[in-house]
Amino acid sequence: MNTMQAAPNTDALDQQFKEFIQGIKKAVGTGIPHLKDDPKIVDQAITDCKEILDVVMEGNVKEWLA
Amino acid sequence: MFTEKVDLKDFEKQDPEYQDLLRRVLAIQADCEIGGPNLYVKHILPSAPTKLDQLIVARTAAEEMDHFRKMARLAGDVGVDVTYTLSRPNQERYVEAFRGEIKTWEDYAVFGFLVDRVGRFQLEEFLDCTYLPLARVVEDPDIIREEEGHVDFGTNASAEFAAKGGESKERIQRAVDYWYVKGLDMFGNSKSYRSERYMFWGLKRRPNAVARQQYKDEIDALILKMGLTLPDPNKGRLYTEY
């Protein structure tokens, strides 16, 4: 039986990061196949990645986990 | 030498030194994983040479974020909240190499070539370690494969700059000069007592000096192969005992 108390944000942080990572990978996966045929899709993919990464880099953790 | 295998359920039964060292290394590892994207995303994502490069930068950041997530999970499970590593300024990072900003594609390339390579070495330290949840994370092929992908991208990009000669080669040489000593320093002090204790508890495999020398042998061969000059390994070092 584990008596160890996990840190308070452990599950919420894990879940939030899964969503961030999934969002970026989905955008990259959408953009790469269209590098030669559809610049709009590629630009949108880059914008989507940037939006997510900007949030992560801002590091406003309390807001994400609220 | 401690050789038992410890799972989360038995963590609190371990010697306080074991618990402290594990908590410490997990916090540092999480800080380094998120420290990379914090160095390069701001300037490199918008300025990468091609759209493919921009997407590769984003994917690389996502993979490092996933490594952070895994380390943060391990740290959280043993009571360490590492959310502070997400909001701290770069200047406060545990490891000096992560305390600035990367603003050029050459620096981004060499960061992958030299610093992500240290990251691979550090992860390899935990292979077959006594704390099973950590060993499981690094023995999952994804994490090492992704880190190798970042290293290969950086190495190939650095080699391409060097092969162009002229100003491109000079710029990449300057970036190598800058990151070379930071990479060597990332292994810590060669006479570190803490490093010995990590080995005693089976949480790391090699002394700092041995890992650093193996790393140095590997990168020196690659730098010379690129036709670049080996930087002075002592110039600008924080830890001179090597």
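The values are calculated or read from the model by the stated rules, or taken from the named source; none is laboratory data. As the structure is a prediction and not an experimental result, all values here were calculated from the model. So basically every Cβ, Gly included, is an ideal-geometry build from the backbone, and we count neighbours across all protein chains shown. In case anyone asks, the SASA skips ligands and DNA or RNA and just uses the protein heavy atoms, side chains included. Shrake-Rupley method; radii C 1.70, N 1.55, O 1.52, S 1.80 Å.
Of all residues in the range B:140-158, exactly one satisfies the criterion of being over 18 Å from residue B:64 (Cβ atoms) and open to solvent by less than 60 Å² (accessible area, probe 1.4 Å), namely B:158.
For first residues located in the range A:53-65 and outside any helix (DSSP H, G or I), partners that are surrounded by 18 or more Cβ atoms within 10 Å (Cβ to Cβ) and lie 6+ apart or on another chain with Cβ distances below 9 Å form the pairs A:59/B:34; A:59/B:38; A:59/B:83; A:59/B:85; A:59/B:86; A:60/B:86. Is it the case, given these coordinates, that residue B:56 is within 14 Å of chain A (Cβ to nearest Cβ) and not in a helix (DSSP H, G or I)? No, not satisfied. Each residue in the range B:207-224 was checked for being touching a residue at least 12 places away in the same chain (Cβ under 8 Å) and farther than 21 Å from residue B:96 by Cα, and 3 pass. For the range B:139-175, a residue qualifies if it is of a type in the set (A, V, I, L, M, F, W, C) and touching a Ser or Thr at 6+ places or on another chain (Cβ under 7 Å), and the qualifying residues are B:161, B:172.
Residue A:9 passes every criterion in (1) surrounded by 13 or more Cβ atoms within 10 Å (Cβ to Cβ); (2) over 19 Å from residue B:84 (Cα atoms); (3) facing another protein chain (nearest Cβ under 9 Å) apart from (2).
Checking each residue in the range B:62-94 for being more than 7 Å from chain A (Cβ to nearest Cβ), open to solvent by 30 Å² or more (accessible area, probe 1.4 Å) and either in contact with a Pro (Cβ under 9 Å, 6 or more places away or on another chain) or over 18 Å from residue A:21 (Cβ atoms) (or both) picks out B:84, B:88, B:89, B:91, B:92, B:94. Put simply, of B:41, B:95, B:118 the only residue that is β-branched (Val, Ile, Thr) and under 26 Å from residue A:11 (Cβ atoms) is B:41.
Considering (1) within 7 Å of another protein chain (Cβ to nearest Cβ); (2) on the phi < 0 side of the Ramachandran plot, the lone condition that residue A:59 does not fulfil carries the number (2). In the range B:95-213, counting only helices (runs of 4 or more DSSP H) that sit wholly within it, the ones holding 3 or more residues that are of a type outside the set (Val, Ile, Thr) and under 23 Å from residue B:235 (Cβ atoms) span B:105-110, B:116-125, B:141-164, B:166-185. Of the residues making up the range B:1-13, those that are within 12 Å of another protein chain (Cβ to nearest Cβ), touching a Ser or Thr at 6+ places or on another chain (Cβ under 9 Å) and more than 15 Å from residue B:126 (Cβ to Cβ) are B:9, B:12.
Residues are listed down the side, and each one gets a yes or a no for (1) surrounded by fewer than 19 Cβ atoms within 10 Å (Cβ to Cβ); (2) farther than 19 Å from residue B:35 by Cα; (3) more than 8 Å from chain B (Cβ to nearest Cβ):
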site: A:13; (1), (2), (3): no, no, no
site: A:23; (1), (2), (3): yes, yes, yes
site: A:28; (1), (2), (3): no, yes, no
site: A:37; (1), (2), (3): yes, yes, yes
site: A:40; (1), (2), (3): yes, yes, yes
site: A:45; (1), (2), (3): no, yes, no
site: A:51; (1), (2), (3): yes, no, yes
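For residue B:17, the test of being under 28 Å from residue A:38 (Cα atoms), more than 7 Å from chain A (Cβ to nearest Cβ) and out of contact with any Pro (no Cβ under 9 Å at 6 or more places or on another chain) is failed. None of B:191, B:204 is open to solvent by 20 Å² or more (accessible area, probe 1.4 Å), without any contact (Cβ under 8 Å) to a residue 60 or more places away in the chain and of a type in the set (Lys, Arg) except B:191. Counting residues in the range B:124-139 that are buried (at least 21 other Cβ atoms within 10 Å of the Cβ) and basic (Lys, Arg) gives zero.
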